[in-house]
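First the structure, in the form of structure tokens, and then the observations on it.
Computed from the coordinates by the stated procedures, all read-outs in this text should not be read as laboratory data. Because the structure is a prediction, the values reported are computed rather than measured. Don't worry about glycine lacking a Cβ; one is built from the backbone with ideal geometry, like all the others, and counts go over all protein chains shown.
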């Protein structure tokens, strides 16, 4: 061949549309899964209610015992669970994106425990009792956790590495957990209230609480979707992101702010729920690729589904007792993650 | 394979876009990380519309200089100038529309397709209200075509060979559609055939699209072969710059790299070819035993 030109353009189909269709398909699948999880969450429990009755209640109301259980007990915990799962899915995605660290999630980085500690202190010292007040303390605790963990991990010559970040987060997490139990065991009144705000439990929530979560959830979501394109560039490396015209420091700050806010609102509503923030983004990325707008959407859907399914399983596993959703997510999430890690190598950006 | 000898013919090439080429340079540039100064008081003019290659021993500051030229590193003192304007006072996005940068051994996230990688090159031209335009589509298609990886568009980047992967990254910077392209050791970790493939690609981009190319290379012979303009650095300073034939001499190779060598014309391109002097331990012909070599008589 004497022509220096590359092969002609005949087969240049539009891969973008095909990939787009596949991704949209996964999003629809994720939405269907979530719908199923919502139905299960409304139908399953110590009083089994048929899905048809659930749908009928949702559409037409009614005052039967079943309808009252669905409306006043299961509906609120389902909506709160959905919001918590979505917040954790988004927060985990952003934490992994801005730190370029596949091990990042609100639990591992110590952000959840930082927020939980702050809420417990708020209950015991300041006597606060509503979610709207919890959120601010949780946010302060979460920000403190981010700053401290990042500062610890950033010490030394090599800077912040994924492993150092995870270690610093785990250490800080343990410290916060011990502070939390210290406060709880020495303060009976707090323990009593904290039991209501159990670790990762969704029972006994009100629709009012879900409504209070909404503005924080919306603000956090706005922030993280705002940095989606920046995270796309950042995934290629800091230098490349700069070279593509992104302001890396700004993206990191806004992304961290969004993730912290989302973690805070999730912890305020349900306590620290493990693993949803780690597993959902990994699974989402596996399905829709590396584009962060897609990953964020699917991760929110999967996070919600995971938390709801975990909550449902927690209701049926040791009746009449309930296992908190936060414990069940780990039970489901850990094997899923081990499978994931073993089947594909996890790339540290 | 036919040997392409046209790469020696450079000065008489007609360039259609010569009027729009950018003048990138530096004045009194001092660069460093924290307390450690890497480049000292450096003046530089990069010939527009040409291929410039920066060479020098390890830690001479060549990669640091390239980072500053791409606005990835803020100068401690001095200026990087693009068409006479201080680059570090221009908006990041604007700079990204003028200068494309390919970092040394970049990594793509797992599971990313070649098309998605190349499409990211369009980011400087996109806004949140205009995510993906026909222009973006056309530029990405063209970049895939230019680098000969159209057929690989749907493949995952981490499944590609080293040479294909490097072409995908170069395609991303082509899609960025900048007049100037900076590349930090684009041939590192590639085997010899893929090194030549990448270097040929860069020359062709310069020739066909009129891009100003600036690359840091390790291999002096490849640098001399592919550069219009060669910059030789040592200890954060430019030792010599100009036509490779003038820059590369026995004496300079010795002074800059500490290597005893003779420079002969490349049998194919007639560009300077560095041949290291007699090795200290040469393999004697015939029995394959290592013997101390005769001292070279014509070095110096």
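Show that you can apply the helix-only estimate: for chain A, add -39,500 (n - 2.57) for every DSSP H stretch of four or more residues, divide by all residues, and state [θ] at 222 nm to the nearest 500.
Numbers: 15 runs with 249 residues, N = 349.
It lands at -24000 deg cm²/dmol.
Just subtract the alpha-carbon distance of residue B:74 and residue B:23 from 0.36 nm times their residue separation and send over the number in nm, one decimal. Before the final figure, lay out the partial values.
Numbers: separation 51, 0.36 × 51 = 18.36 nm, distance 1.91 nm.
Computed gain between residue B:74 and residue B:23 is 16.4 nm.
When the helix-only estimate is applied to chain B (DSSP H runs of n ≥ 4, each -39,500 (n - 2.57), divided by the residue count), what is the mean residue ellipticity at 222 nm, nearest 500 deg cm²/dmol?
On the way: 9 runs with 86 residues, N = 300.
Rounded to the nearest 500, the figure is -8500 deg cm²/dmol.
To the nearest 10 degrees, how steep is helix A:51-60 against the longest Cα principal axis of chain A, on a 0 to 90 scale?
Long axis of A:51-60 versus the principal axis of chain A: about 80 degrees.
Within the range B:6-247, what percent of beta bridges assigned by DSSP are antiparallel, to the nearest 5?
Details: 21 of 38 bridges.
Once the DSSP bridges in the range B:6-247 are tallied, antiparallel ones form about 55 percent.
What is the range B:41-91 by shape, rounded, prolate or oblate, if you read a ≥ b ≥ c off the alpha carbon gyration tensor as root eigenvalues and call it rounded for a/c under 1.5, prolate for a/b larger than b/c, and oblate otherwise? Display every interim value, and only then the final one.
Numbers: a/c = 1.98, a/b = 1.24, b/c = 1.60.
Because a/c hits 1.5 or more and a/b fails to exceed b/c, the range B:41-91 counts as oblate.
Quickly rank B:69-78, A:282-291, A:314-323 as a protection proxy: mean count of other C-beta atoms within 10 Å, highest first.
On the way: B:69-78: 19.6, A:282-291: 22.9, A:314-323: 14.5.
Final packing ranking: A:282-291, B:69-78, A:314-323.
If one takes the longest principal axis of the Cα atoms in chain B, at what angle in degrees, from 0 to 90 and to the nearest 10, does the Cα axis of helix B:134-146 lie?
The answer is roughly 20 degrees.
Evaluate peptide B:111-120: per residue, the Cβ atoms of other protein chains within 10 Å of its Cβ; return the mean as an integer.
Details: counts 8, 8, 6, 1, 5, 7, 3, 0, 4, 10.
Mean inter-chain Cβ contacts per residue within 10 Å come to 5.
With contacts defined as alpha carbon pairs under 8 Å and 6 or more residues apart, what's the relative contact order of chain B in percent?
With pairs under 8 Å counted, the relative contact order is 22 percent.
Over what distance in Å are the Cα centres of the range B:31-87 and the range A:74-153 separated?
43
Between rounded, prolate and oblate, where does the protein assembly as shown land on the alpha carbon gyration tensor, with a ≥ b ≥ c its root eigenvalues, rounded for a/c under 1.5, else prolate if a/b exceeds b/c? Mind dumping the intermediate values first?
Numbers: a/c = 2.62, a/b = 2.16, b/c = 1.22.
Prolate is the answer for the protein assembly as shown, as a/c is 1.5 or above and a/b outweighs b/c.
Quick check: from the Cα gyration tensor, does chain B come out rounded (a/c under 1.5), prolate or oblate?
Working: a/c = 1.87, a/b = 1.42, b/c = 1.32.
Cα axes put chain B in the prolate bin.
Given the peptides B:133-143, A:296-306, arrange them by the average over their residues of other C-beta atoms within 10 Å, most packed first.
Values: B:133-143: 17.4, A:296-306: 28.2.
Taking the mean over residues of other Cβ atoms within 10 Å, the ranking is A:296-306, B:133-143.
Can you give me the angle between helix B:192-209 and the longest principal axis of chain B, using Cα atoms only, in degrees from 0 to 90, rounded to the nearest 10?
50
Could you list B:185, A:208, B:35, B:27 so that the one with the fewest beta carbons within 10 Å of its beta carbon is first and the one with the most is last?
Details: B:185 20, A:208 12, B:35 5, B:27 16.
Starting with the residue having the fewest Cβ neighbours, the order is B:35, A:208, B:27, B:185.
First measure r as the distance between the Cβ atoms of residue B:104 and residue A:249, then evaluate 1/(1 + (r/R0)^6) with R0 = 35 Å and state the FRET efficiency to the nearest 0.05.
On the way: r = 22 Å, r/R0 = 0.62.
The pair residue B:104/residue A:249 has a calculated efficiency of 0.95.
Find how many whole Å separate the alpha carbon centroid of the range B:169-227 from the alpha carbon centroid of the range A:217-269.
33
Is there a simple number for the mean count of other chain Cβ atoms within 10 Å of the Cβ of residues in B:264-272, and what is it? Don't jump to the answer; show the numbers that get you there.
Details: counts 0, 0, 0, 0, 0, 0, 0, 0, 0.
Per-residue shielding by partner chains comes out at 0.
Within 10 Å of each Cβ of A:287-294, how many other protein chain Cβ atoms are there on average?
Values: counts 1, 1, 7, 11, 5, 0, 1, 0.
Whole-number average of other-chain Cβ neighbours for A:287-294 is 3.
Suppose R0 equals 45 Å. What FRET efficiency, 1/(1 + (r/R0)^6) with r the Cβ-Cβ distance, do residue A:28 and residue A:125 give to the nearest 0.05? Don't skip to the answer; put the middle values down first.
Details: r = 47 Å, r/R0 = 1.05.
The calculated FRET efficiency here is 0.40.
With r as the distance between the Cβ atoms of residue A:293 and residue A:321 and R0 = 25 Å, compute the FRET efficiency 1/(1 + (r/R0)^6) and round to 0.05.
Working: r = 41 Å, r/R0 = 1.65.
After rounding to 0.05, the efficiency reads 0.05.
Is any residue of the range B:207-226 close enough, with backbone N under 18 Å, to a label point placed 7 angstrom from the Cα of residue B:188 along the Cα-Cβ axis, and if so, which?
B:214-223
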